[in-house]
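Engineer: One structure follows; several queries about it will come next.
The values are calculated or read from the model by the stated rules, or taken from the named source; none is laboratory data. No experiment lies behind these values; they were computed from the predicted model shown. Backbone-built Cβ (ideal geometry, glycine too); neighbour counts: all protein chains shown. Note: areas computed on protein heavy atoms with side chains; ligands, DNA, RNA excluded. Shrake-Rupley method; radii C 1.70, N 1.55, O 1.52, S 1.80 Å.
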Amino acid sequence: MEDPIDTAMAVFSDQYLSSNDSLLFNITPTHFPPLPPIIDQTISITTIVILFITMVSLGCTMEVPKIKAHILKPKGVAIAVVAQFGVMPLTAFSLAKVLQLGPVEAVVVLICGCCPGGSLSNILALSLKGDMNLSIVMTTCSTVLALGMMPLLLYLYCQGFSNLESAVPYAGITLALVMTLFPCGIGILINYYRPQYSKTITKVGLSLLLMATVVIGLLAGMTIGGMDLTLTLLSPPLMATAALMPLIGYTFGYVLSYLFKLNGSGRRTISMETGCQNIQLCSTILKVAFPPDVIGPLYLFPMIYIVFQVGEALLLIVLFRVHRRFFKTPKTEKQVYDTVDGNQIHISSV
């Protein structure tokens with residue numbers, strides 16, 4: 001059986017790209033210089049450790065009784081799953097086509113679009129006064145369903161790019177997804193048996209994620225070279241993709257839940273869950289499953305994505321808070337009466 005990594009190398013190699021006329025995009029082959037071994041190993045280990053900590057933190061937010069309650073009434077979860085695995089992969093595929101991304105960039109964007117939701121969506125949903133039970137259950141379900149849905153969606157959408165379907169390391173991606181369930185299970189057990197530690201672990205996990213993102217970015221910038229990093233990651237097509245993907249996810253997640261008549265908190269929750277991807281999982285897959293000279297600095301694309309993901313979410317949160325403050329519908333006054341000698345006497349209104 002042909003090694004998928006070798007296939008990826010063949011499809012993305014300079015010789016293949018320059019000689020294969022069946023590729024849809026007219027691209028200029030780029031050689032990514034290899035990272036020093038110690039730096040490459042440091043970044044790989046860091047991404048894996050951070051993914052482990054993040055998934056433990058995610059598990060600490062999950063409560064079995066709440067998950068059961070939403071499974072028994074699955075309308076919200078069903079809409080959320082359709083939005084997560086319907087809207088985002090289609091968005092990634094469409095943007096890759098419209099913006100004419102090269103093969104490597106297209107695979108990176110597709111993997112990002114097919115990833116399940118992340119723990120950050122729970123925080124954003126909370127800031128929007130969303131349904132936290134639905135948010136947590138949706139993140140749980142998308143994480144589990146990604147085991148089958150992510151490889152399947154990648155295979156289906158890669159059919160739209162010539163010879164790209166055989167370049168994706170499906171075995172490596174599936175293994176990475178399976179490995180995420182173990183730390184997630186640890187988090188669930190901690191939340192069940194030692195719930196007093198859950199909030200602390202979640203906060204520590206988020207703090208470590210932010211610090212690790214900065215460290216990985218600095219290491220990559222120093223070793224790859226500022227110019228190569230800038231030309232690759234900050235190219236207009238990739239920047240436009242990173243900006244449009246979460247925005248489209250937020251918008252269509254809200255519209256879809258509105259069409260199915262969910263309440264306001266449910267709509268806001270599904271909006272955040274749809275637009276927020278698990279960027280830690282995406283970075284780990286890109287860094288570990290692809291050879292360094294194939295993926296180059298593109299494993300940092302999820303970090304560009306998260307900047308727009310958080311920035312656009314914060315803008316929506318600000319607009320939501322402003323709307324609630326200045327345009328909130330006043331409550332109907334309720335008259336309070338007291339009885340004195342059989343006569344109703346008006347006391348006050350609340």
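Engineer: Please give the helices (runs of 4 or more DSSP H) falling wholly within the stretch 130-234 in which 2 or more residues are over 30 Å from Arg321 (Cβ atoms), aromatic (Phe, Trp, Tyr) and modelled with pLDDT of 70 or more.
Structural biologist: Values: elements: 132-158, 170-193, 198-224, 226-233.
Where helices (runs of 4 or more DSSP H) fall fully within the stretch 130-234 and carry at least 2 residues being over 30 Å from Arg321 (Cβ atoms), aromatic (Phe, Trp, Tyr) and modelled with pLDDT of 70 or more, they are 132-158, 170-193.
Engineer: Any residue in the stretch 90-106 that is in contact (Cβ under 8 Å) with a residue 40 or more places away in the chain and either within 15 Å of Glu273 (Cβ to Cβ) or touching a Lys or Arg at 6+ places or on another chain (Cβ under 7 Å) (or both)?
Structural biologist: The answer is yes; a qualifying residue exists.
Engineer: I'm trying to understand the selection: among the residues of the stretch 257-278, which are open to solvent by 10 Å² or more (accessible area, probe 1.4 Å) and not hydroxyl-bearing (Ser, Thr, Tyr)?
Structural biologist: Leu259, Phe260, Lys261, Leu262, Asn263, Gly264, Arg267, Arg268
Engineer: Any residue at all in the stretch 74-92 that is on the phi > 0 side of the Ramachandran plot and either assigned to a loop (DSSP other than H, G, I, E, B) or open to solvent by 10 Å² or more (accessible area, probe 1.4 Å) (or both)?
Structural biologist: Within the stretch 74-92, none of the residues are on the phi > 0 side of the Ramachandran plot and either assigned to a loop (DSSP other than H, G, I, E, B) or open to solvent by 10 Å² or more (accessible area, probe 1.4 Å) (or both).
Engineer: Determine, yes or no, whether Thr241 is of a type in the set (Ser, Thr, Tyr) and modelled with pLDDT under 80. Let's see the steps before the verdict.
Structural biologist: Working: of a type in the set (Ser, Thr, Tyr): yes; modelled with pLDDT under 80: no.
Here the answer is no, as Thr241 does not meet what is asked.
Engineer: Looking only at residues that are among the hydroxyl-bearing types (Ser, Thr, Tyr) and under 14 Å from the mean Cα position of the chain (by Cα) in the stretch 90-144, which one is farthest from Gly59 (Cα to Cα)?
Structural biologist: Selected residue: Thr91.
Engineer: Identify all residues within the stretch 93-118 that are open to solvent by less than 30 Å² (accessible area, probe 1.4 Å) and not in a helix (DSSP H, G or I); write none if there are none. Working first, answer last.
Structural biologist: First, pick out the residues of the stretch 93-118 that are open to solvent by less than 30 Å² (accessible area, probe 1.4 Å): 95-96, 101-104, 106-118.
The answer is Leu101, Gly102, Cys115, Pro116, Gly117, Gly118.
Engineer: Among the residues of the stretch 42-70, how many are touching a residue at least 24 places away in the same chain (Cβ under 8 Å) and either of a type in the set (Phe, Trp, Tyr) or more than 22 Å from Ile279 (Cα to Cα) (or both)?
Structural biologist: Within the stretch 42-70, residues that are touching a residue at least 24 places away in the same chain (Cβ under 8 Å) and either of a type in the set (Phe, Trp, Tyr) or more than 22 Å from Ile279 (Cα to Cα) (or both) number 7.
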